[in-house]
Amino acid sequence: MLKLDRKLEKLETSVRHMGKQVIEQHKNCERLFEQPDRSLARQVRHNDEIINNYETNINEQAIADIVLLRPIATDLRRVIVAIKIASDLERIGDYAKSMAKFVSKNLDNPATMKILKEASFIQHRLVIMLEDIMEAYKTKDVTKAYEIPTQDKELEALLQDFRKIVIKNNVADLEDAFNLSSLYRTIGRSSDHAVNICEHIVYLCKGIQYDFDKED
Amino acid sequence: MEEIKFDVKNLNLFYGDFQALKNLNIEIKANRVTALIGPSGCGKSTFLRTLNRMNDLVDGVKTNGEIRMDGKNILSDKVNTIELRTKVGMVFQKPNPFPMSIYDNIAYGPRCQGIKDKKVLDELVESSLKAAALWDDVKDRLNKNAMGMSGGQQQRLCIARAIAMKPEVILMDEPTSALDPIATQKIEELIDVLKKEYTILIVTHSMQQASRVSDDTAFFLLGEIVEFDTTLNIFSNPKNKKTEEYITGRFG
Ligand SMILES: Nc1ncnc2c1ncn2[C@@H]1O[C@H](COP(=O)(O)OP(=O)(O)OP(=O)(O)O)[C@@H](O)[C@H]1O
Ligand SMILES: [Mg+2]
């Protein structure tokens, strides 16, 4: 095995570990939606730092690989894609942190907590999607990378419905309704970044820049 | 539209019974740098030498097919090879200055062509040395023996010598393999400048050099051209698995 191969394997392993952490964060958010828990919410907020460190470390590794080993062709794409996925994962991690913040803030607001609980299945969808994506990255499965974004479309539709319900039912006061709908947006944004990762996987496997937004 | 300098069609070359070039088809564009890469013995130098019929000098060489330079088949018997080699100059792996003064090294070719006028020769020597980025180094010692120059200077002298013949094409066969990184960089910079006026083909074993200096790259393997594309495509997303294996050092 070439030194370059070993280094790239190591780099991608770091990205996969980072992915695991991010998924763990979102799983915890799902738990929080179902069963509000002050200390778990604090832990999620706190763990965001770990994810940020992962990104810094991946960027450092990537720079060293470029400078010292001068990757080209597929090798170069592996490095670039590692950097890009790490950057999207970091954002997805940020959204977990803001979800946890939201829970901490609304623990004593039963109306909001109730709606949150109903929304937990959407968060579950996000978790599944992230798991599928990291699996596609691991196995460099371009077919899966093309398929997964349909999950984003479904998720988007669910969120739309939910937002309507929140507004129609006139739950709690206006401020709570507003907060909730911005929380749903964080789920939507996470899913958008997840779709970006699918694009990076396509680039990795095929060397083409694909844009899932332009599809329809 | 880019002009095509050499249009090679179904080119085969045999050293006796051994076929060194197998049905090559390639269009070399004018005013671009084309890199020829591939493992040792794959036919890069042989191909380069077909472009100015230097292989004619080797016993038992048989060539067939077509090489059109600006539309004219240079493999035809009617071609004046002396004239062809004036138009298609060559720089070799090891700098090979003549054992004479720097000035005479450059003036040698033009004198053979019958240029005697001292003033014309002076100008030619100066402009050629300038074009090869050597003038400032040697302008005060033009009458010193060229053998006393550094390797990098000698190689630029050889480039200046080629330029003095007013060629259209410059062939370079591993021109920096005997030079240190600084001299190498100077030659690479020079190639970048020269391509405005000349069509350049360069054989190199350094993938980095190929990617730095060339616009197009041809990958040779066992006498065939496996892939020919822009250098950017070859080094970012090669189509052929063998090309990728070679350029990334995973070959064989
Ligand atoms: N004069 C010759 N007589 C017989 N065979 C020759 C002659 N010159 C070259 N060959 C053979 O032709 C093939 C191509 O040689 P060539 O020198 O063109 O390869 P190359 O790609 O330039 O290799 P390198 O990178 O080592 O310079 C080789 O197998 C070589 O042995
Ligand atoms: Mg050779």
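The values are calculated or read from the model by the stated rules, or taken from the named source; none is laboratory data. Values in this document were obtained by computation on a predicted structure and should not be read as measured data. Backbone-built Cβ (ideal geometry, glycine too); neighbour counts: all protein chains shown. Keep in mind that these areas ignore ligands, DNA and RNA; they rest on the heavy atoms of the full protein, side chains included. Shrake-Rupley method; radii C 1.70, N 1.55, O 1.52, S 1.80 Å.
Observations
- Here the stretch B:36-58 is the region considered, the condition is being away from chain A (no Cβ under 14 Å), of a type in the set (A, V, I, L, M) and buried (at least 22 other Cβ atoms within 10 Å of the Cβ), and the residue that is farthest from ligand 1 (Cβ to nearest atom) is B:Leu51.
- Just one residue in the set B:Ile159, B:Ile202, B:Ile182 is assigned to a helix (DSSP H, G or I) and within 16 Å of the chain's Cα centre (by Cα); that residue is B:Ile159.
- Listed by first and then second residue, the pairs linking a residue in the stretch B:59-84 that is within 16 Å of ligand 2 (Cβ to nearest atom) to a residue that is modelled with pLDDT of 95 or more and open to solvent by 60 Å² or more (accessible area, probe 1.4 Å), with Cβ atoms under 9 Å apart and 6 or more places separating them unless they lie on different chains, are B:Val61/B:Tyr15.
- Taking the criterion of being in a loop (DSSP other than H, G, I, E, B) and either away from ligand 2 (no atom under 16 Å from the Cβ) or hydroxyl-bearing (Ser, Thr, Tyr) (or both), the residues of the stretch B:162-174 that qualify are B:Met165, B:Lys166, B:Pro167, B:Glu168.
- Single unsatisfied condition, B:Thr243 versus (1) crowded, with 19+ Cβ neighbours inside 10 Å; (2) within 14 Å of another protein chain (Cβ to nearest Cβ); (3) within 21 Å of the chain's Cα centre (by Cα); (4) of a type outside the set (D, E, K, R): (3)
- Scanning the stretch B:145-196 for residues that are more than 25 Å from B:Lys87 (Cα to Cα) and touching a Leu at 6+ places or on another chain (Cβ under 6 Å) yields a single hit, B:Gly151.
- Condition met for B:Thr199 (within 15 Å of ligand 1 (Cβ to nearest atom), polar (S, T, N, Q) and either within 19 Å of B:Val88 (Cβ to Cβ) or modelled with pLDDT under 95 (or both)): no
- Meets criteria (more than 14 Å from every other protein chain (Cβ to nearest Cβ), at pLDDT below 95 and surrounded by 19 or more Cβ atoms within 10 Å (Cβ to Cβ)) for B:Leu179: yes
- The single condition from (1) within 16 Å of ligand 2 (Cβ to nearest atom); (2) closer than 30 Å to B:Leu134 by Cα that B:Met100 fails is (1).
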